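> Sharing a structure with you now.
The values are calculated or read from the model by the stated rules, or taken from the named source; none is laboratory data. What you see is a predicted model; the values in this text were computed from it and never measured. Neighbour counts are summed over all protein chains in view; Cβ atoms, including those assigned to glycine, are modelled from backbone coordinates with ideal geometry. With ligands, DNA and RNA removed, areas are computed over all heavy atoms of the protein, side chains included. Shrake-Rupley method; radii C 1.70, N 1.55, O 1.52, S 1.80 Å.
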Amino acid sequence: MRFLNNNYTKIYFNIIASANARITEGYVEKHHILPKSLGGANDASNLVKLSAREHFICHLLLIRMTSGKDRTKMLRAVQAFCRLKKTNRSLTSRQYQVARTLTAGLPSWNKGKTIADYT
């Protein structure tokens, strides 16, 4: 396996197991258990529904579970989570959870539409 044998890996898989065992309600995000950048597939067996906060935390754990080029890939993924595009502000996992929950029902702006399409 590509993951280091450490406590971070155990915590990660405990979160995954817990999420797989529950019925999810409200806002959830799909997470690749083995990230696509590490060879993971889009198969249902490699996907789990997590809260936004759990998703963010799992990506933080993935940094501690990998080394070398794999770790660099996981660092880039977390960087994408934390960055707001137009500013250099960072988010905590709790702030990310709140932001994603509040904006879950908004239309996607990156599907080829402009603001004029919504007014």
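> Have a look at Thr9, Thr87, Thr72, Thr101 and point out the one that is at pLDDT 95 or above and of a type outside the set (A, V, I, L, M).
Thr9
> Looking only at the stretch 1-53, count every residue that is hydroxyl-bearing (Ser, Thr, Tyr) and over 24 Å from Thr101 (Cα atoms) and tell me the total.
Here is the first cut: in the stretch 1-53, the ones hydroxyl-bearing (Ser, Thr, Tyr) are 8-9, 12, 18, 24, 27, 37, 45, 51.
Narrowing further to those that are over 24 Å from Thr101 (Cα atoms): 8-9, 37, 45.
So the answer is 4.
> If you scan the stretch 24-39, which residues turn out to be loosely packed, with under 15 Cβ neighbours inside 10 Å, free of Cβ contacts under 8 Å to residues at least 24 places away in the same chain and either part of a loop (DSSP other than H, G, I, E, B) or touching a Cys at 6+ places or on another chain (Cβ under 9 Å) (or both)?
Glu25
> Residues of the stretch 5-23 being among the aliphatic types (A, V, I, L, M) and part of a helix (DSSP H, G or I), which ones? If you could, list the steps in order and put the result at the bottom.
Step one: of the stretch 5-23, the residues among the aliphatic types (A, V, I, L, M) are 11, 15-17, 19, 21, 23.
Correct list: Ile11, Ile15, Ile16, Ala17, Ala19, Ala21.
> Determine which member of the set Arg53, Arg2 is in contact (Cβ under 8 Å) with a residue 12 or more places away in the chain, open to solvent by 30 Å² or more (accessible area, probe 1.4 Å) and not in a helix (DSSP H, G or I). Before the answer, list the steps.
On the way: Arg53 fails: not in a helix (DSSP H, G or I).
Only one candidate qualifies: Arg2.
> If you don't mind, another one. What single numbered condition from (1) modelled with pLDDT under 90; (2) at negative phi; (3) in a loop (DSSP other than H, G, I, E, B) fails to hold for Ile63?
(3)
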